[in-house]
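**Student:** Just passing along the structure, written as structure tokens.
The values are calculated or read from the model by the stated rules, or taken from the named source; none is laboratory data. All figures in this text were calculated on a predicted structure; none of them were measured in a lab. For neighbour counting, all protein chains shown are included, and Cβ atoms are generated from backbone atoms with ideal geometry for every residue, glycine included.
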Ligand code: AMP
């Protein structure tokens, strides 16, 4: 199963992708996490990406497409994956389609998580992340442990620089201009399902699972 989780920053798609990948035994491939690891290791990609991320801008398509092409070659991606944060532009969407069609494969579904801007800002600014295992917390909705250490791996939690309010407006504007056109792109391909992401973690997770139960049902009754 090859699935894209699409939506604005802060909508909760990373948290949902983590859950979904565990439930279904699929690798969770998050471009933002791959880029942050590259930055911390000071690789060529990391050095190129750093300034764009700090300003809330997108990393250039050619960098991302190269990064993801390599990631898809790892053995765990052979049977499927949940993509989180990729594609983020129409150019990336077309590159993904090319990569898939070279393997005779195709996407099964794109889940579009929708939420209004004020709620997105609140979710982003309250987010705390583990730089090591990438677990995600929220000061109100998924309270971090009192000692400020990640409950999964014990690393000190942090607020990502680009989650600070100064950068959030820029990221939302970039999303509208660059990423939102993918909604119409995938709708036209008949792949898009929209989910209202305003509920809590469990409610949204249940909406996601319902979509895939429906798909399984359609496949079985074909
Ligand atoms: P995220 O963790 O998905 O919120 O991504 C954090 C930042 O990484 C974004 O604001 C972008 O600067 C960069 N980034 C992540 N994924 C992509 C992508 N597919 N294309 C371009 N830039 C990306």
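**Student:** For the range 116-128, how many residues meet the condition of being touching a residue at least 60 places away in the same chain (Cβ under 8 Å) and either within 14 Å of residue 160 (Cβ to Cβ) or buried (at least 19 other Cβ atoms within 10 Å of the Cβ) (or both)?
**Tutor:** Looking only at that region, the number is 4.
**Student:** Give 186, 141, 175 a once-over and let me know the one that is out of contact with any strand residue (DSSP E or B) (no Cβ under 6 Å at 6 or more places or on another chain), closer than 15 Å to residue 13 by Cβ and within 16 Å of the ligand (Cβ to nearest atom).
**Tutor:** When all the criteria are applied, what remains is 175.
**Student:** Still on this structure, please answer the following. Looking at the range 78-102, which of its residues are under 18 Å from residue 17 (Cβ atoms) and more than 16 Å from the chain's Cα centre (by Cα)?
**Tutor:** Step one: list which residues in the range 78-102 are under 18 Å from residue 17 (Cβ atoms), which gives 79-88, 92-93, 96.
Scanning the range 78-102 gives a single hit, 79.
**Student:** On the given criteria, is residue 63 within 14 Å of the chain's Cα centre (by Cα) and in contact (Cβ under 8 Å) with a residue 12 or more places away in the chain?
**Tutor:** On the way: within 14 Å of the chain's Cα centre (by Cα): no; in contact (Cβ under 8 Å) with a residue 12 or more places away in the chain: yes.
Judged against the criteria, residue 63 is not a match.
**Student:** For the range 163-179, indicate whether the set of residues that are surrounded by fewer than 11 Cβ atoms within 10 Å (Cβ to Cβ) and touching a residue at least 40 places away in the same chain (Cβ under 8 Å) is non-empty.
**Tutor:** yes
**Student:** Go over the candidates 76, 108 one by one and state the one that is within 25 Å of residue 195 (Cβ to Cβ) and in contact (Cβ under 8 Å) with a residue 40 or more places away in the chain.
**Tutor:** On the way: 76 fails: within 25 Å of residue 195 (Cβ to Cβ).
After ruling out the rest, the residue left standing is 108.
**Student:** Could you pull out every one of the helices (runs of 4 or more DSSP H) wholly within the range 128-222 that has 2 or more residues that are modelled with pLDDT of 95 or more and closer than 19 Å to residue 1 by Cβ? Full working, then the answer.
**Tutor:** Values: elements: 165-174, 181-188, 201-221.
Correct list: 201-221.
**Student:** Here is a follow-up. Out of all the residues in the range 164-172, is one or more more than 16 Å from the ligand (Cβ to nearest atom) and over 18 Å from residue 89 (Cα atoms)? If you could, list the steps in order and put the result at the bottom.
**Tutor:** Just the residues of the range 164-172 that are more than 16 Å from the ligand (Cβ to nearest atom), to begin with: none.
The answer is no; no qualifying residue exists.
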